[in-house]
Amino acid sequence: MSLNICPAATVAAPIEYVWELISNLARYGEWADARIERVIPEGPATSGQVLYASSKALDKTWPVTLTITAVDTDRHRMQMDVSLPLGLLLHQTTICMPIDAQSCHVQYG
């Protein structure tokens, strides 16, 4: 069974700032509900990079693994596979699109 959900938001920050935050996996803990365990290799997002993290819910700590499958820095686009508890696998594309100099649109799905 598959489910398609594409959350999106307008962010009141320049696209360069938002992209740097999203494409630096070591910073995911600053904005995502996750504790970053390690990122291999370290550095900006690159195809094959893996983030190991954990998240708490229902009085348990759950493992999360995110693997970057493609990055297009010029188009502010990144694809990844996210392994979640209970055998869930998410194929996600993240896109940042500029609105103006001080805001952008971010979409996951």
In this structure, does Thr93 turn out to be without any contact (Cβ under 8 Å) to a residue 24 or more places away in the chain and exposed (fewer than 15 other Cβ atoms within 10 Å of the Cβ)? yes
Evaluate the following for Thr10: is it among the β-branched types (Val, Ile, Thr) and open to solvent by 90 Å² or more (accessible area, probe 1.4 Å)? yes
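Give the residue that is farthest from Ala34 (Cα to Cα), with candidates limited to residues of the range 96-107 that are within 12 Å of the chain's Cα centre (by Cα) and surrounded by 15 or more Cβ atoms within 10 Å (Cβ to Cβ). Step through it out loud before you land on a result.
At the first step, the residues of the range 96-107 found to be within 12 Å of the chain's Cα centre (by Cα) are 96, 106-107.
Cutting the leftovers down to surrounded by 15 or more Cβ atoms within 10 Å (Cβ to Cβ) gives us 96, 106.
Details: Cys96: 21, Val106: 19 Å.
Selected residue: Cys96.
What are the residues in the range 85-103 that are of a type in the set (A, V, I, L, M, F, W, C) and within 18 Å of Trp31 (Cα to Cα), if any?
The initial filter retains those residues of the range 85-103 that are of a type in the set (A, V, I, L, M, F, W, C), namely 86, 88-90, 95-97, 99, 101.
Hits for the range 85-103 are Ile95, Cys96.
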Within the range 14-23, is even one residue open to solvent by 80 Å² or more (accessible area, probe 1.4 Å) and modelled with pLDDT of 90 or more? yes
Within the range 43-84, restricting attention to residues that are within 12 Å of Leu25 (Cβ to Cβ) and of a type in the set (S, T, N, Q), which residue is surrounded by the most Cβ atoms within 10 Å (Cβ to Cβ)? Gln49
All but one of (1) open to solvent by 80 Å² or more (accessible area, probe 1.4 Å); (2) more than 28 Å from Glu16 (Cβ to Cβ) hold for Arg35; state the number of the condition that does not hold. (2)
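The values are calculated or read from the model by the stated rules, or taken from the named source; none is laboratory data. Just so we're clear, the structure is a prediction, and the values are computed from it rather than from any experiment. Glycine also receives a Cβ, built like all others from the backbone with ideal geometry; neighbour counts cover every protein chain displayed. What goes into the accessible areas is simple: the full protein's heavy atoms, side chains included, and nothing from ligands, DNA or RNA. Shrake-Rupley method; radii C 1.70, N 1.55, O 1.52, S 1.80 Å.
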